[in-house]
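In what follows, a single structure is set out as C-alpha cells and then discussed.
Any read-out appearing in this document is the output of simple, stated calculations on the displayed coordinates, not a laboratory observation. What you see is a predicted model; the values in this text were computed from it and never measured. Note that we place each Cβ from the backbone using ideal geometry, even for glycine, and neighbour counts take in every protein chain shown.
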C-alpha cells in the first residue's frame with residue numbers, strides 16, 4: 001500500500017476520534033409555554049385595558065379570521081355562480097353587453113375582496129409579530145376605535161391621510 005494512502009487513513013481515523021470526543025449536550029432549552037387566552041363571544045376591547053394586551057390580540061385575531069372565512073366563502077360562491085352563467089349566451093347584442101358589464105363589475109368586486117384577504121393575512125402576521133395596532137410609519141398606537149372600524153388598518157389617521165395625499169400627488173404626475 002502506498003505511503004500517501006496510509007497517512008490519509010490515519011488522518012481519517014484521527015478525525016473520527018476527535019469528533020467522538022466532543023461531549024453531546026443533553027439539556028434542552030426550556031420552552032416557555034403560553035397559556036391560551038380565552039375571551040367570551042361578547043368581549044369587546046376596552047380603553048381601560050392595556051393597549052394591545054393579549055385579550056386585544058386574541059379578539060382581533062378571531063375577528064380577522066372570521067372575516068377572512070366569510071370573504072373566501074363569498075368569493076367561492078360568486079365564482080361558482082359566475083361560471084354557471086357562462087352557458088347562457090344571448091343572441092341579443094344588448095343582453096350580451098349587459099351580461100358582460102355585470103360580469104366585469106362582479107370580477108372587480110372579487111378582485112377587491114382578494115386584496116382584502118391579503119390585507120387580512122398581513123394583519124394576522126402583524127398580530128404574531130406583536131406589531132399589530134401600531135402605525136407602520138410612526139409606531140404610535142392606531143387606537144381601538146379605528147381598529148374596531150377597520151381591523152386591517154396599518155396607519156394612524158394622520159399617517160393614512162399623508163399616504164393618501166402622496167398617492168394623489170403621484171397620480172396627478
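Structure summary
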{"quantity": "Mean separation of Cα contacts under 8 Å (6+ apart) over length of the range 124-173, as relative contact order %", "calculated": "29 percent"}
{"quantity": "Convex hull of the range 42-173 built on C-alpha atoms - directionally averaged projected area, nm²", "calculated": "11.5 nm²"}
{"quantity": "Nitroxide proxy distance, nm - points 7 Å out along Cα→Cβ at residue 118 and residue 98", "calculated": "3.4 nm"}
{"quantity": "Label-point separation, residue 66 to residue 169 (7 Å along Cα→Cβ), nm", "calculated": "4.1 nm"}
{"quantity": "Relative contact order of the range 49-160, pairs being alpha-carbon contacts under 8 Å that are 6 or more residues apart, as %", "calculated": "27 percent"}
{"quantity": "Packing-based exposure ordering (other Cβ within 10 Å, fewest first) of 152, 35, 72", "calculated": "35, 72, 152"}
